[in-house]
Amino acid sequence: PPLAGQPPSLSESFEHWQQQLSLLPVSLRQALQGEGFVHGDMKIFHRLSGDGRTLMSAASLTRPGDFDLATMDSLLYRGLNLFAVLPGPLPGRDTIDKLLLTGHTLAQRLRGELLDSRGEPLTEARLSELRREAAATTDA
């Protein structure tokens, strides 16, 4: 449960590339920008909804998690944490569906593997659980 005064959130690590995969940083930037992400607050990438609110965000799995645009194209990253904060601009289930579609597209573009926050392959059972959690968060 969220702490008093803090909005509830749902964060899933939908992107994680295997250690042996050589991920070209310029490809990472291009893939994110190709999916409509812009570099912004907290030095991470955000995909905005039509009204300008953040729909989802992408942070590096390499600490501290941010992206320095001046050095990004010369660094290697071990993965990407794609996440959304709920409630957001869309109903929770719709947000999860967009997060999943974006995760699949990025994984395909970057030849990565889609995993959940536990580092396990994202199963239909886990997706159903996420959708239920998201619906409960926005319906509360």
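Anything in region 87-106 that is farther than 20 Å from ALA125 by Cα, outside any loop (DSSP other than H, G, I, E, B) and in contact with a strand residue (DSSP E or B) (Cβ under 9 Å, 6 or more places away or on another chain)? List them, or say none. Residue satisfying the conditions is LEU106 alone.
So is LEU110 under 20 Å from LEU130 (Cβ atoms) and either touching a strand residue (DSSP E or B) at 6+ places or on another chain (Cβ under 7 Å) or among the hydrophobic types (A, V, I, L, M, F, W, C) (or both) or not? Here the answer is no, as LEU110 does not meet what is asked.
The set of residues from region 114-124 being on the phi < 0 side of the Ramachandran plot and either in a loop (DSSP other than H, G, I, E, B) or open to solvent by less than 70 Å² (accessible area, probe 1.4 Å) (or both) comprises LEU114, LEU115, ASP116, SER117, ARG118, GLU120, LEU122, THR123.
If we scan region 46-59, do we find a residue that is touching a Pro at 6+ places or on another chain (Cβ under 6 Å), open to solvent by less than 30 Å² (accessible area, probe 1.4 Å) and of a type in the set (S, T, N, Q)? Yes, the conditions are met somewhere in region 46-59. Any idea which residue in region 83-98 is most open to solvent (accessible area, probe 1.4 Å), counting only those that are aliphatic (A, V, I, L, M) and at pLDDT below 90? Only one residue fits best here, namely VAL85. Among the residues of region 99-112, those that are open to solvent by 50 Å² or more (accessible area, probe 1.4 Å) and either more than 13 Å from the chain's Cα centre (by Cα) or among the hydrophobic types (A, V, I, L, M, F, W, C) (or both) comprise LEU101, GLN108, ARG109, ARG111.
The values are calculated or read from the model by the stated rules, or taken from the named source; none is laboratory data. Everything quoted here is computed from the prediction, not taken from an experiment. Note: ideal-geometry Cβ built from the backbone for every residue, glycine included; neighbour counts use all protein chains shown. Ligands, DNA and RNA are excluded from the accessible area calculation, which covers all protein heavy atoms including side chains. Shrake-Rupley method; radii C 1.70, N 1.55, O 1.52, S 1.80 Å.
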